[in-house]
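Visitor: Please read through the structure below; I'll follow up with questions.
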Amino acid sequence: MNSYLASAPKISLVLVLAFCAACTHLPPAGSIASAPVAAVGEDADPRSSVMRTANAIAQGEAALRSDQADSLMRAAQILAAVGARPADSNADNLADTWAQIASRQNPQLVAPIYRGRLLGPAYKSGTITGNGSIVIEQLFLAGKKATVALVPAAASKLTIHVKNGNGEPICVKPKVKEKASCQWLPVFTDRFEIRVQNQSQTNVKYHLVLN
């Protein structure tokens, strides 16, 4: 019994030294990976319906500026085929409007035929004043790929910012001249803030495409 008591302090000391030795092998602060709190955006897949819509809108705007009826009608046909529609039910449908303009310029052109396709991407159109900005909140579902594309009607200096509900940045695309996109996978179902800023002194017409 006395020999056990005499050896107890030595055993405790050995345990303490072993514990302290293990402490020296802990990874430095900040090196342990933490669970992601926000998705990171990247360029959208060019084959996606959002980008097909964005490309058609860019084509249509270019055709309007150059009075190219054939190109304008093709843009209208693509929008109709994809099922793109205005987010605001009271706004002009670009496929209808552009098809009418192209038909007046060239009566031989055939307007797109609607066959009751499922709804495709939605687009919002508007004008941003010089040095102004617009903010849109959009709900995206967790686990479902979210895609946003910005299409200025003409060469411009628009910047698009996307943030999640906690204000964490998803992506930033500065000085968009033709078009830009952002695609990410939301970690949680959330309302995301989409801000478009006009960094020029002139008014800029824009189209924002969302899935």
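The values are calculated or read from the model by the stated rules, or taken from the named source; none is laboratory data. In this text the structure is predicted, and so the values were computed from the model without any measurement. Backbone-built Cβ (ideal geometry, glycine too); neighbour counts: all protein chains shown. For accessibility, only protein heavy atoms count, side chains too; no ligands or nucleic acids. Shrake-Rupley method; radii C 1.70, N 1.55, O 1.52, S 1.80 Å.
Visitor: Could you pull the accessible area for ASP96 with a 1.4 Å probe, rounded to 10 Å²?
Guide: Accessible area of ASP96: about 60 Å².
Visitor: Within the set of other residues whose C-beta is less than 11 Å from the C-beta of LEU72, count the net charge using Lys and Arg as +1 and Asp and Glu as -1.
Guide: So the environment of LEU72 carries a net charge of 0.
Visitor: Accessible area per residue for the stretch 86-152 in Å², computed with a 1.4 Å probe and the full protein assembly in place, what is it?
Guide: It amounts to 61 Å² per residue over the stretch 86-152.
Visitor: How much of the accessible area of the stretch 68-191, in percent, comes from carbon and sulfur atoms when a 1.4 Å probe is used?
Guide: The computed percentage sits at 50.
Visitor: Then there is this: With a 1.4 Å probe and all protein chains kept in place, how do SER125, SER89, SER103 rank by accessible area, largest first? List each step's numbers first, then the result.
Guide: Numbers: SER125 65, SER89 105, SER103 35 Å².
Sorted descending by solvent-accessible area, the residues read SER89, SER125, SER103.
Visitor: Further, regarding this structure: Please list, by residue number, every one of the trypsin sites (Lys or Arg not before Pro) in the stretch 62-169 that is coil in DSSP and has at most 11 other beta-carbon atoms within 10 Å. Mind showing how you got there, number by number?
Guide: Values: sites: ARG65, ARG74, ARG104, ARG115, ARG117, LYS124, LYS144, LYS145, LYS157, LYS163; in loops: ARG115, ARG117, LYS144, LYS145, LYS157.
Answer in residue order: ARG115, ARG117, LYS144.
Visitor: What relative contact order, as a whole-number percentage, does the stretch 46-131 give when Cα pairs under 8 Å and 6 or more residues apart are counted?
Guide: Details: 110 pairs, mean separation 26.9, N = 86.
Relative contact order, the stretch 46-131: 31 percent.
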